[in-house]
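Taking it in order: structure first as structure tokens, then the write-up.
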Ligand code: GCU
């Protein structure tokens with residue numbers, strides 16, 4: 001690989017985004033900007049806390065122009081809406097778990113927050129949202145400043161020239177209706193938590209600020225960093241320093257007329273790994289801005305049929321996780337929520353977490369990295385996506401860019417996952433996902449890029465893994481539910497494999513079956529009674545099956561905790577929960593947990 005490739009990507013990609021923004025402008029849309037990197041360590045004022053809300057189940061607030069916040073002017077006036085006198089919702093947080101009338105709500109909620117602005121001249125101000133599910137329109141003092149689509153990635157608006165001195169009001173129209181041409185589409189097996197689910201901040205910067213940077217090891221190298229720093233603002237050409245005090249390292253560079261500097265240096269790093277999750281304090285400095293981050297260095301690659309971490313083969317002991325706090329029955333977003341999930345993964349013996357099926361919060365990513373967990377970061381391309389609809393490919397790119405932009409300096413992230421269980425028969429599926437793969441590799445050549453597929457055939461005790469999309473995936477990632485959705489066709493230990501791309505590593509990205517913790521209402525060898533023994537037997541058989549898989553590089557049970565999913569309607573055993581957890585939603589360990597724990601202990 002040529003050194004320069006990584007460095008050239010940035011401007012290329014920015015041109016694509018600018019083209020997309022121009023198109024949206026022509027079609028009347030005002031779109032949010034991709035958020036600046038490393039928001040956690042910037043000069044910010046939190047807008048978290050209580051926000052006033054108006055519930056709008058019929059969507060009538062749009063016609064009434066709720067964002068204008070009209071007040072009666074004369075004696076005969078009245079206004080048929082008002083935030084005053086209504087409920088409050090906590091931000092961040094999903095709305096469903098906060099008000100019982102919103103428990104199963106899919107629709108519009110209007111949020112309002114006032115803030116006091118004291119911005120000094122020469123400074124810039126950005127309104128940053130960690131995530132809002134799913135669509136939002138944002139108004140500042142009655143004027144629309146833009147919209148965003150996508151429930152799990154950050155976005156921002158620059159409000160320097162729009163904000164008033166003193167009191168200002170933000171109104172956000174949040175809508176979590178399922179969108180046929182959305183990502184995900186209308187059908188998915190998790191709870192549709194709506195609302196302003198992650199932090200909201202005002203971020204203050206100097207007139208020229210460090211917008212973005214990429215500081216990671218060059219692919220295949222253990223001591224050489226190859227990256228870049230991107231300035232934003234009038235003073236494009238600046239001297240840049242990247243410092244790592246613990247290594248006595250100082251790298252100097254200069255940004256060009258587009259504000260971009262290539263950064264290249266070598267050092268004897270203590271490499272990040274699950275056993276030693278070493279992170280360094282890294283200071284990125286320009287003449288007008290300074291940012292501190294905590295960055296680790298490791299290499300990840302596929303060589304032949306193996307996955308190599310820091311040049312050595314690694315077995316990926318993984319578990320699937322949804323971003324739900326099982327004890328609160330709510331969207332997980334706090335560091336403490338993340339710890340509940342990640343500690344349970346550690347206790348199981350994992351070195352890897354698949355954060356399914358959408359980008360989880362930055363808190364989770366940073367916490368996992370600190371704990372020595374490798375991370376699988378995924379965009380919500382789930383099953384039936386309308387790839388033929390012309391609005392879908394740009395959405396795919398934008399969501400991928402938003403996720404990668406936020407997480408690209410997290411060495412814990414080793415996989416960009418671009419799709420889960422899509423089907424070759426869906427028009428334009430292959431074209432759209434192949435092109436997305438190429439974009440992803442252009443943006444970052446240092447990580448694995450993966451598609452998860454479940455189109456394999458299983459008959460006569462033989463798996464035929466044939467999907468052409470695997471050609472573009474670094475791993476043959478297979479979801480299979482033998483023993484649950486598909487009965488065994490013979491002895492698991494005698495299973496045969498035909499794999500169209502036989503030289504790639506194989507990762508079982510999902511397997512498992514359901515059990516209701518403690519269920520003992522019927523025969524334990526029948527699926528219909530959701531017994532722990534039945535699930536346990538699936539796991540025992542699966543472990544025998546793993547022994548037959550050529551190039552197996554890891555496995556990932558579905559799933560860590562039982563989680564809410566309204567399509568699960570068996571009212572005796574499921575009651576709105578997908579029961580494939582190794583742990584119940586109360587944290588009880590099922591029998592299968594011990595099987596998996598033992599398997600990982602011996603790996
Ligand atoms: C799919 C999907 C999971 C889902 C699981 C199940 O494979 O990827 O999100 O929940 O099936 O059926 O439980």
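One table, with the values for the structure above:
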read-out	value
Cα Rg, Dmax, the stretch 31-201, angstrom units	16.2, 52
Tail beyond 17 Å, pair distance distribution of the stretch 507-602 (Cα, percent)	48 percent
The stretch 400-558 - convex hull of the alpha-carbon atoms, volume per residue in Å³	137 Å³
Convex hull projection area averaged over all views, the stretch 214-340, Cα basis, nm²	10.8 nm²
Debye log10 I(q)/I(0) at q = 0.07, 0.10 Å⁻¹ for the chain, Cα point scatterers	-0.44, -0.90
The stretch 453-504: C-alpha gyration tensor shape, a/c 1.5 cut-off, then a/b vs b/c	prolate
The stretch 233-268-the stretch 58-126 distance, computed between alpha-carbon centres (Å)	43 Å
Label-point separation in nm, residue 167 to residue 81, each point 7 Å along Cα→Cβ	2.0 nm
Convex hull volume per residue in cubic angstrom - Cα atoms of the stretch 80-165	125 Å³
Sorted peptide list for 378-385, 350-357, 512-519, criterion being average Cβ within 10 angstrom, highest first	350-357, 378-385, 512-519
Per-bin percent of Cα-Cα distances, the stretch 326-458 [10 Å]	12, 40, 32, 16, 1
Binned Cα-Cα distances of the stretch 504-557, short to long, each 10 Å bin given as a whole percent	25, 42, 24, 9, 1
log10 of Debye I(q)/I(0), alpha-carbon scatterers only, for the stretch 327-376 at 0.14, 0.16, 0.23, 0.27 Å⁻¹	-0.29, -0.39, -0.82, -1.12
P(r) weight above 21 Å for the stretch 282-363, C-alpha pairs, percent	51 percent
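Coordinate-derived values only; no laboratory data. Small disclaimer: the values here were computed from a predicted structure and weren't measured. A quick note on method: Cβ atoms are made from the backbone with ideal geometry, for glycine too, and the neighbour counts reach across all protein chains shown.
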